[in-house]
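Participant: This is the structure I have questions about; it appears just below.
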Amino acid sequence: QGLRGTRSVSPVADQEIAAMRECPGTFRWPAGKAFPPLPAHPGPETLALGKGWGAFLESRGGGKLVKAASTDPSFLDALSSPVSILYFMALSRLSPIPPGTELRLVVLGASRRAEQRVLQDTAYWEEIALAFPRSNVRLWLVGPEMAPGSNRAKAGEQATNFEAVCFRGTLAEVLREYPELGSPQGGEGNRANTGFVVLNGGFGNFEGNSLDLLWSWIEDLASLTELGAPVFFTCANDYADASGELRVMANLLGARFAVLPRENPFSFATTLLDEDATPGDHSRWSRGNALWYSVQGFDANRRSFRPSRERPLGPQKPLLCRCIAQDITDPQGLLLSSPLAWRTEILASPDRPAASHVSPIMMAGETSHRGKKSGDANGSDAVPSPTRGRAAEAKTERGGDRKGEG
């Protein structure tokens with residue numbers, strides 16, 4: 001759609017980030033980067049989510065917003081995750097949310113340099129709440145790379161029905177702190193829908209000949225399938241991340257897929273190319289939120305992983321490695337037999353069954369994009385055609401790997 005840009009990664013910046021045990025591949029911006037404010041929201045019924053960035057920007061802010069994106073595509077990188085979540089919900093038939101219902105969204109794999117900064121410096125995350133004006137929206141940004149001591153709520157600036165919490169830790173830790181997230185009801189009289197999102201987790205990328213990142217994720221991934229809530233995943237490329245995650249979810253966790261991996265029309269505008277990439281090379285690129293898929297629940301007959309409460313991880317690794325290597329001969333057989341549904345099943349009203357609920361957001365078609373998160377993105381000189389960058393290199397343990405950059 002003419003809104004793509006690329007930036008290379010600064011080696012010095014990467015070394016500094018790695019020294020802090022954070023992932024060098026995590027997308028980040030210079031400290032002085034300013035993000036343009038969005039105009040007043042036109043109302044959820046006018047949003048166009050079916051044709052990618054161009055149609056969405058036109059419906060959200062007219063020609064001025066389209067021009068702003070053409071001038072500075074990097075702000076689409078900051079806007080990608082909240083808009084992608086709206087798109088996933090609409091396409092998966094998880095909206096509309098009944099008035100008065102609390103919508104809880106838990107974003108895993110978040111970092112202080114990306115998702116938390118967007119929350120602090122912009123109102124972009126509030127786009128979710130603005131799309132559901134008659135519901136209360138609570139957002140949790142969770143990850144080992146969140147800023148220390150940031151576990152506090154942030155009220156919305158534009159959306160009065162929005163509240164966000166930054167949490168430094170893992171899924172298991174946030175569930176202990178907020179037990180309501182692990183159950184469909186948050187207390188007497190409090191009806192709630194809870195969904196989970198994993199942004200560019202990278203646990204299916206095995207190019208570095210190491211499974212350490214997968215092992216750091218595996219317990220939380222198993223817990224996500226056990227919760228029975230909708231879970232959305234984004235991937236940074238198709239040739240490694242998405243293909244590996246499909247095997248992990250299908251062969252190790254027995255996940256039931258609501259949506260198989262597919263391209264996301266609201267991916268980042270910034271693309272990272274390996275330094276040795278050649279024209280036409282389809283396995284040397286990365287872009288944040290390039291693809292997405294969704295699961296809900298699991299099939300015990302396909303589940304080979306056992307949580308640590310049943311069996312230690314170490315003795316399981318040989319079997320799990322063999323399962324990862326197995327091909328998936330019938331991906332369609334992994335799909336749920338019915339549309340994705342909230343665990344609480346409260347989308348149904350007395351006079352309208354849940355299956356008839358259709359998103360008020362227009363779904364007019366889909367487009368294709370490719371890519372993943374890169375390094376420093378100034379935005380002021382992002383260009384519309386790919387140039388060659390340097391791939392992020394070092395990987396640390398879980399706290400520095402959550403973005404899965406290779």
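Participant: Report every pair of residues separated by at least 6 positions or lying on different chains whose Cβ atoms are under 7 Å apart, first residue within the stretch 306-325 and more than 19 Å from Glu207 (Cβ to Cβ), second in a loop (DSSP other than H, G, I, E, B) and aromatic (Phe, Trp, Tyr).
Facilitator: Gln316/Phe305
Participant: Please state which one of Ala341, Ala300 is at pLDDT 80 or above, open to solvent by 20 Å² or more (accessible area, probe 1.4 Å) and either over 26 Å from Phe56 (Cβ atoms) or of a type outside the set (Lys, Arg) (or both).
Facilitator: Numbers: Ala341 fails: at pLDDT 80 or above.
That would be Ala300, the only listed residue that is at pLDDT 80 or above, open to solvent by 20 Å² or more (accessible area, probe 1.4 Å) and either over 26 Å from Phe56 (Cβ atoms) or of a type outside the set (Lys, Arg) (or both).
Participant: Quick one: in the stretch 11-65, which of the residues that are of a type in the set (Lys, Arg) and modelled with pLDDT of 85 or more is least open to solvent (accessible area, probe 1.4 Å)?
Facilitator: Going residue by residue through the stretch 11-65, those that are of a type in the set (Lys, Arg) are 21, 28, 33, 51, 60, 64.
Checking which are modelled with pLDDT of 85 or more leaves us with 51, 60, 64.
On the way: Lys51: 108, Arg60: 7, Lys64: 177 Å².
Here the residue is Arg60.
Participant: Quick one: which strands (runs of 3 or more DSSP E) lie wholly within the stretch 174-264 and hold at least 2 residues that are open to solvent by 10 Å² or more (accessible area, probe 1.4 Å)?
Facilitator: Working: elements: 192-198, 231-235, 253-263.
In the stretch 174-264, 253-263 are the strands (runs of 3 or more DSSP E) which contain 2 or more residues that are open to solvent by 10 Å² or more (accessible area, probe 1.4 Å).
The values are calculated or read from the model by the stated rules, or taken from the named source; none is laboratory data. The shown structure was predicted, so the numbers you read here are calculated from the model rather than taken from an experiment. Neighbour counts are summed over all protein chains in view; Cβ atoms, including those assigned to glycine, are modelled from backbone coordinates with ideal geometry. In case anyone asks, the SASA skips ligands and DNA or RNA and just uses the protein heavy atoms, side chains included. Shrake-Rupley method; radii C 1.70, N 1.55, O 1.52, S 1.80 Å.
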